[in-house]
Amino acid sequence: MTTPNFGNQPRAHHVRTVIGAALLAATFAGCKASDLNITNPNSATVEGASADPSALQLLATGLLADFRSTRGGLMSTPGILGRESYSFSPQEGRNTTHPLIGIVVGGVQKLDPTGFSTGIWGGEYGTLRDIFNFKNTVNNSTTLNAAQKAAALGLAQTIEATMLLHIVSAHDTLGAITEIKENAADLAPFVSRDSVYKFILGTYDAAATNLAAGGAAFPFTLGPGYAGFNTPATFAQFNRAIRARASAYYATSGGGTAAWQGALTALAGSFLNAAATTRAAFDVGVYHTYGVSPDSPNGFAVATNTNLYAHMSIQTDAQLKANGQPDDRYTAKVRTGLPARTGPVTVDGPTSATSTLGYSIWPAQTSSIAIIRNEELILLRAEAKLATGDKAGAIADLNQVRVNSGGLPASTLTAASSDDAIITGILYEKRYSLMMEGHRWVDMRRYKKLNLLPLDVASGPNKNFVAVVIPIGQAECLVRAKATGDLLGPNGQNNCAP
């Protein structure tokens, strides 16, 4: 607030102010000094929120908004890297060149650590800082009972583990930072990918324990995207579902059989419905919801986003139904006949192929975006069954999705098929079932198949490449270099030079 400059005001106003000040002083003469200590609503503290029953709802709403704000980044750059999409914005060619061409360092193409492909970091760590404060508020609360504290902590820990899963799935072998320090200026160390996954799984399990002790209801209200999962008991099913995804990621990153068994155990406690045959049953899950101002709109909405294009391989690779028409998932999710666009043209030629395809998944700014759906859980179980020796079970799960979601004939795979052939079948189903949900690039890396992703320009100075990891952004690296003089992470690895 700006202090009034009485010298520049009319004299009459000045007199009224002085009189008012005198009356105010007389009024306060009978008050104690402590009566003047009021909370600044624009500078909330953990202590103040802990003693305010209404503050927890505001904090929980903010935490869920933080969670939602990270969803777009998890879909956009990985979507381009995984050859699901382009961002063809005529006014900003770097949306195409940065993830598809990158820079050359020592004769090797890499993503630019100062460029447009260094997301899935700041937003997640900002959310982790808010989770840290939220947990402190809950633990220090004088108004919540034990069950309410457990429920609130279980929700926060579930989001905490999911933020770290976002980060490690994007940065993979570079590791991540799992510790949030009391003083935000203190730099916590990088830890290895293996340590990050173990921390994530442990956090999901700690959350599940808290949710089990959380009583019948949360001490706050969740949004409509959590319908069916808005009590501690039902939210625990969501926790187990995401835990299964994390277990599968860890299993293919060194966790092995034990992690696959963990995935199966988590799926058994989730909302998995392996008998689903309808679109509604496949789509059961937890969603981020959006709205027009003053809420946040869905930035991928067909109604407003003219830059999002689909990779043409989505069309050419779609398998056919018995009647010769393409996979129902392709038909339902992809728009054809858009005005042709390509990447920016340089002296060496275009930076990517032309596309005339778009997405119809989110028609309006109010369209929801899935966090996790039953369809993914069935395919995660197919992965886990295959990895634990149940080929027939894996094929049955992929066919459940293939036939009922895709409208395709059952796969010709059998128990005599190779593991690689069955993985290829599962990856096809995941590609079309989970289109633009943030999985394709990660899945192809997990199974060491990034070399099978298409290259639009395979040679020349502007040739495309497929990035293996998203680099740590230069801003993070510079802060650490200035503070410690050392950028080395686990095992002496330079985390800022992928």
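No value in this document is a laboratory result; all are computed from the given coordinates. These numbers come from a predicted model, not from an experiment. Methodologically, a virtual Cβ is constructed for each residue, glycine included, from the backbone with ideal geometry; neighbour enumeration extends over all protein chains shown.
Here are some notes:
- Here's how it looks for VAL286: its modeled amide H is under 5 Å from those of ILE371, ILE372, which are all 5 or more places away or on a different chain.
- Overall dimensions of the chain as given by Cα atoms, namely Rg and Dmax in Å: 26.1, 97
- Over region 321-467, equivalent-ellipsoid semi-axes from the Cα gyration tensor in Å: 30, 21, 15
- In Hz, Karplus ³J(HN,Hα) per residue of region 91-99 (6.51, -1.76, 1.60; θ = phi - 60°; x = Gly, Pro): 7, 8, x, 5, 4, 9, 5, 4, x
- Kirkwood Rh (inverse of mean 1/r, distinct Cα pairs), region 103-156, angstrom: 14.2
- Per residue, the convex hull spanned by the Cα atoms of region 203-287 measures out at 109 cubic angstrom.
- Pairwise label distance in nanometres, ALA65 with LYS463, each label 7 Å out on the Cα-Cβ vector: 4.8
- Based on Cα atoms of region 187-242, Rg over Rh with Rh as the Kirkwood radius reads 1.10.
- Percent of Cα pairs in region 107-263 per distance bin of 5 Å, from zero to the largest separation: 2, 9, 16, 19, 19, 15, 11, 5, 2, 1, 0, 0, 0.
- Over 21 Å [Cα-Cα, region 263-347], rounded percent: 60
- The chain, helix-only ellipticity at 222 nm - DSSP H runs n ≥ 4, -39,500 (n - 2.57), divided by all residues, nearest 500: -14500 deg cm²/dmol
- A simple rule links phi to the HN-Hα coupling: the Karplus curve 6.51 cos²θ - 1.76 cosθ + 1.60 with θ = phi - 60°, which for region 128-142 gives 5, 5, 5, 5, 4, 5, 4, 5, 4, 4, 5, 5, 8, 5, 9 Hz, with x for Gly and Pro.
- Rounded to the nearest 10 degrees, the angle from helix 391-404 to the longest Cα principal axis of the chain is 80 degrees.
- Across the alpha-carbon atoms of region 393-453, the computed radius of gyration and Dmax are 11.6, 32 angstrom.
- Coordinate range along principal axes, alpha carbons of region 290-391, Å, largest first: 52, 43, 32
- Using bins of 10 Å that start at zero, the share of Cα-Cα pairs per bin across region 382-483 amounts to 13, 33, 27, 16, 9, 2, in whole %.
- The listed peptides 383-390, 299-306, ordered by packing as a protection proxy, come out as 383-390, 299-306 (highest mean of other Cβ atoms within 10 Å first).
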